[in-house]
Amino acid sequence: MTTPPSATTRPSLPHLLRATAFAIGALLLLVTVGVVLHQPLLIPPLAASAALVHGAPGLPLAQPRNLVGGHLMSAVIGFATLAVAGSSAWAAAVAAGLALGAMMLTHLSHSPAAATAVIVVLQAPPPVPFLPLLALGACLLVAIGLLPGRIAGHPVRYPVSW
């Protein structure tokens, strides 16, 4: 009897350390910008996005178009759901499902972005400054994602596609 191959291979230690360091750096940058602007910029969906960009930069879900577009589309869907159904766990679940469907329809799939719709419905932030800050945070993650392949010898040059 043979052992089936692993679904994923273990990353090399340098790759693991590089991905970890750049993800921490990206998230600390979000915190720093948030402190300077006196607005929270580090939200859980963006942390998950950083994990994709630095841990799996070759995946379609991690590409800039999907990351930025998915978060913004999900936020708009969250605000629309909030306006129609109010703030509740039920409405948040509907918003996440609608966000998933819209991302699939527009080829902007980015799984962490479904949580952005949930946050909008449950926390009901004002659209301004939330939407511009979300766009800024997503763009900063993309910008930091460009660095490992250019200065640190990452095996996958991010982005694979725009």
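Here are the numbers for the structure shown:
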| quantity | calculated |
| --- | --- |
| From phi via Karplus (6.51, -1.76, 1.60), per-residue ³J(HN,Hα) for the stretch 27-41 in Hz, x at Gly/Pro | 5, 5, 5, 4, 5, 4, 4, x, 5, 4, 8, 6, 9, x, 10 |
| Prolate/oblate/rounded label for the stretch 1-101 (Cα gyration tensor, a/c 1.5) | oblate |
| Calculated [θ] (222 nm, deg cm²/dmol) that DSSP helices of n ≥ 4 give over the chain, each run adding -39,500 (n - 2.57) | -23000 deg cm²/dmol |
| Cβ-derived FRET efficiency at R0 25 Å, Thr20 paired with Arg157, nearest 0.05 | 0.85 |
| Extension gain (nm, one decimal) between Ala135 and Met104, 0.36 nm per residue minus Cα-Cα | 9.2 nm |
| Exposure ranking of Thr106, Thr116 by accessible area [1.4 Å probe, largest first] | Thr106, Thr116 |
| Anisotropy class of the stretch 68-151 from Cα gyration tensor, a/c 1.5 cut | prolate |
| Karplus-derived 3J(HN,Hα), 6.51/-1.76/1.60, for each residue of the stretch 45-53, Hz, glycine and proline x | x, 6, 5, 5, 5, 4, 4, 5, 4 |
| FRET efficiency for Leu28 and Val84, using Cβ-Cβ distance with R0 set to 30 Å, rounded to 0.05 | 0.20 |
| Accessible surface of the stretch 15-162 [probe 1.4 Å, protein heavy atoms]: carbon and sulfur percent | 78 percent |
| Fraction in percent of alpha-carbon pairs per bin - 10 Å, the stretch 14-162 | 13, 41, 32, 12, 2 |
| The chain, accessible area per residue, ligands and nucleic acids excluded (1.4 Å, Å²) | 53 Å² |
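The values are calculated or read from the model by the stated rules, or taken from the named source; none is laboratory data. Small disclaimer: the values here were computed from a predicted structure and weren't measured. So basically every Cβ, Gly included, is an ideal-geometry build from the backbone, and we count neighbours across all protein chains shown. Side chains included, ligands, DNA and RNA excluded: accessible areas come from the protein's heavy atoms. Shrake-Rupley method; radii C 1.70, N 1.55, O 1.52, S 1.80 Å.
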